[in-house]
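Chemist: Okay, here's the structure, questions in a sec.
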Amino acid sequence: MRIAIVCYPTFGGSGVVATELGMALSKRGHEIHFITYKQPVRLEQLTGNIHFHEVNVPEYPLFHFQPYELALSSKLVNMVKLYDIELLHVHYAIPHAYAGYMAKKMLEEEGIFIPMVTTLHGTDITLVGNHPFYKPAVTFSINKSDVVTSVSESLKEDTLRSFEITKEINVVPNFIDSTKYLRVMSECQRSLMADDDEFLISHVSNFRPVKRILDVIKIFAIISSKKKAKLIMVGEGPEKEKAEDMAYELGLQDKILFVGQSNEVDKILCFSDLFLLPSEKESFGLAALEAMVNSVPVISSNTGGLPEVNIQGVSGYLSDVGNVGEMAENALEILKDEETLNRFKTAARNQAKAFDIHKIVPVYENLYQKALDKI
Ligand code: GMT
């Protein structure tokens, strides 16, 4: 199939999932066209059947806001015609589903009929999309999609609860390539980061308020009062400064490393002993899955789709949002002795394998066929 993938090209989970999916589909013989404003960060290489088309939005002084949706839908129309693209897969409803639907309608005027698959990722439903300013347009574009998918059961329920949805929502969980992580593990150099008797704890996110990174610092403060440990904070975002200030106030500045954004998250995760994800909301928690596939147990909140990924008492522990005391206690339980830690590490990796890319990509292929059959 010739497929256009529309996504955010940044470090966020939806862009990562879209990029990994596109690369996996290309390996299965499909021709993939990424259409977005910048080359996706995880896009390793442009091969014969992976293309990237940049959406340009020229600045014009009359516009207070530059019309990205218009530029995106026009680019989609042009690329569909140029490359004979057969299907659009848009990731994150805002504004991609809306722009995709406009492109579809413009193409119909020229006698070209193309289906659109929309994948809902999380904040497009639970935070941004739910806002009255966007809600009618989000509802409309979900209902106008030929196939709708959501990354967890929890997100499906949230969508049905908050929007008047007339379309079936197919749950297709996020995925991971577990073979890729085996290769990374063989190159893992823990000694570069910590002493042998020191535990390594990590957190990866966009440091937005929804991630509750101050809770990460508080949990770590309790852990490090009982165990020799270091915390590695990967990412950039609006809460970073507050977290750095808190680390300093607690006298933990030497034990907490803010390493910024990284394209090599797995190289950090491979030597971690524990991953912290105390988010306010999390439709799936791809970061937790990436930790687990690297054999890292997860201490998380029990919000959204996290209980579908992290299994209580097996791959880690889950607590109510904000219950940092319990999260720290559970962390110390996992770190209490080598045997317990190893048991959790093995179970985390086994649980992650349930989300292996080779199981999930064929599910998308079947849905693409279903969408094509509708046209
Ligand atoms: O919150 C983020 O990390 C970014 C956001 C995004 O859209 O890129 O992530 C959402 O989509 C991810 C991929 O499906 C999910 O794993 C995240 O749980 C989800 N984030 C939230 O629901 C807050």
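Chemist: Would you kindly enumerate the cysteines in the chain that have no other Cys beta-carbon under 4.7 Å from their beta-carbon?
Modeler: C7
Chemist: Rounded to the nearest 0.05, what FRET efficiency do Y37 and L192 have when you use their Cβ-Cβ distance and R0 = 45 Å? Walk me through the numbers on the way to the answer.
Modeler: Working: r = 35 Å, r/R0 = 0.78.
Once the sixth-power term is evaluated, E becomes 0.80.
Chemist: So, by mean Cβ neighbours within 10 angstrom, what's the order for 305-316, 285-296 with the highest one leading? Intermediate values should be presented prior to the final figure.
Modeler: Working: 305-316: 21.2, 285-296: 26.9.
Result, highest mean first: 285-296, 305-316.
Chemist: Post the alpha-carbon centroid distance, region 240-297 to region 55-127, in whole angstrom.
Modeler: 34
Chemist: May I pose another question? Which of rounded, prolate, oblate describes region 111-160, given a ≥ b ≥ c as roots of the alpha-carbon gyration tensor eigenvalues and a/c under 1.5 marking rounded, otherwise prolate only if a/b is larger than b/c? Don't skip to the end; give the middle numbers.
Modeler: Details: a/c = 2.79, a/b = 1.43, b/c = 1.95.
Oblate is the answer for region 111-160, as a/c is 1.5 or above yet b/c matches or exceeds a/b.
Chemist: Which whole-number percent is the relative contact order of the chain (Cα, under 8 Å, 6+ apart)?
Modeler: Details: 721 pairs, mean separation 51.7, N = 375.
Relative contact order, the chain: 14 percent.
Chemist: Is it possible to state the helix-based mean residue ellipticity at 222 nm for the chain, with each DSSP H run of 4+ residues giving -39500 (n - 2.57), the sum divided by total residues, to the nearest 500 deg cm²/dmol? What is it?
Modeler: Numbers: 15 runs with 166 residues, N = 375.
Computed mean residue ellipticity for the chain: -13500 deg cm²/dmol.
Chemist: Report the paramagnetic label zone for S74: residues of region 28-54 whose backbone N is under 19 Å from a point 7 Å from Cα along the Cα-to-Cβ axis.
Modeler: Taking a point 7 Å out along Cα→Cβ of S74, the residues of region 28-54 whose backbone N falls under 19 Å are 35-38, 53-54.
Chemist: With a ≥ b ≥ c the root eigenvalues of the C-alpha gyration tensor of region 220-335, is it rounded (a/c under 1.5), prolate (a/b larger than b/c) or oblate? Show your work: numbers first, answer last.
Modeler: Numbers: a/c = 1.40, a/b = 1.23, b/c = 1.14.
Rounded is the answer for region 220-335, as its axis ratio a/c remains below 1.5.
Chemist: Which one of D273, D177, D196 has the biggest mean-square fluctuation once the chain is modelled by GNM with Cα springs under 10 Å?
Modeler: For the chain, modelled as a Gaussian network with Cα springs under 10 Å, the answer is D196.
Chemist: Decide, for region 188-232, between rounded, prolate and oblate: order the square roots of the alpha carbon gyration tensor eigenvalues as a ≥ b ≥ c, take rounded if a/c falls under 1.5, and otherwise choose prolate if a/b is larger than b/c, else oblate.
Modeler: Numbers: a/c = 4.85, a/b = 1.50, b/c = 3.23.
Oblate.
Chemist: Right, here's the next one. What is the spin-label model distance, in nm, from E249 to N56 if the labels are put 7 Å beyond Cα along the C-beta direction?
Modeler: Roughly 4.8 nm, to one decimal.
Chemist: Scan the chain and hand back the longest stretch that contains none of the chymotrypsin sites (Phe, Trp or Tyr not before Pro) lying in DSSP loops with at most 13 other Cβ atoms within 10 Å. Let's see the in-between values first.
Modeler: On the way: sites that count: F63, F65, F113, F133.
Maximal segment without exposed cleavage sites: 134-375.
Bear in mind that the values in this text are calculations on the coordinates, not laboratory data. Bear in mind that the values here come from a model prediction, so they are computed numbers and not experimental data. Note: ideal-geometry Cβ built from the backbone for every residue, glycine included; neighbour counts use all protein chains shown.
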